[in-house]
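Read through the structure below, which is laid out as C-alpha cells, and then see the notes.
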Amino acid sequence: MGISYERTINLALSHSRTAEFKKLRMNRSFKRSIQSLDSVFEFLNGFILQYGIGDGDAFTLKFAVEELFTNLVKYNPDSPSDISLALTRNGTSVVLQLVDYQAVAFDPTKTAELDLTKRLEERRPGGLGIHLVKKMIDSIDYQHVNNQSIITLTHHVE
C-alpha cells in the first residue's frame, strides 16, 4: 500500500502553504527606549512595503505600534529587557505581537471607555491613545504569562 496520488498532492500543498506562511512573518527585538522608535518604524515600513499594505492600513498599524511601544517603555522604564515585535501577514489580516519581558501586568483591553463628549478641561489626562487603538484595530488580545506582557493586535487589511 502506497500513498495515493490525491494524498500526495494534499501533502505537497500543505507543505507549500506552511512554507509560504513562514515567509510572511518577521520579528525583531528593540531596546527599551523612545529613541528605538526610528528602528521600530524602519522595521514596520519594511514589512508594509514587502507585503503591499495600503496607506490607510499602514497608518493604522504604525499608530498602534507607536502608541503601545511607547506605553511599554514609559510604564516599565526600569526593565533591562528589550521589547520584541512580531509581524505576520495572514491572508487579509496582519497580526502584530508586542512582547514586554519582565513586565508588570497592564491589560490595555480593560481600560475604561473615554467620554469624548466632555470638554478637555473636564477630562483626566491619559488614555486617549489606547482608546484610539481600540477603535482602529479589529481585535486586541492581552496575556500576562511568566512576567511577560503579550499584546496581540489583529487588523484586516485591503
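Counting only residues that are aromatic (Phe, Trp, Tyr) and over 19 Å from Thr92 (Cα atoms), which one in the stretch 27-62 is surrounded by the fewest Cβ atoms within 10 Å (Cβ to Cβ)? Only one residue fits best here, namely Phe41.
Scanning the stretch 85-110 for residues that are open to solvent by 20 Å² or more (accessible area, probe 1.4 Å) and within 25 Å of Leu24 (Cβ to Cβ) gives Arg89, Asn90, Gly91, Thr92, Ser93, Val95, Gln97, Tyr101.
Of the residues Tyr5, Tyr75, the single one that is more than 23 Å from Ile130 (Cα to Cα) and modelled with pLDDT under 95 is Tyr5.
The values are calculated or read from the model by the stated rules, or taken from the named source; none is laboratory data. Computed from a prediction, not measured in an experiment: that's the story for all the values here. For neighbour counting, all protein chains shown are included, and Cβ atoms are generated from backbone atoms with ideal geometry for every residue, glycine included. The area values use the complete protein model at the heavy-atom level, side chains included, leaving out ligands, DNA and RNA. Shrake-Rupley method; radii C 1.70, N 1.55, O 1.52, S 1.80 Å.
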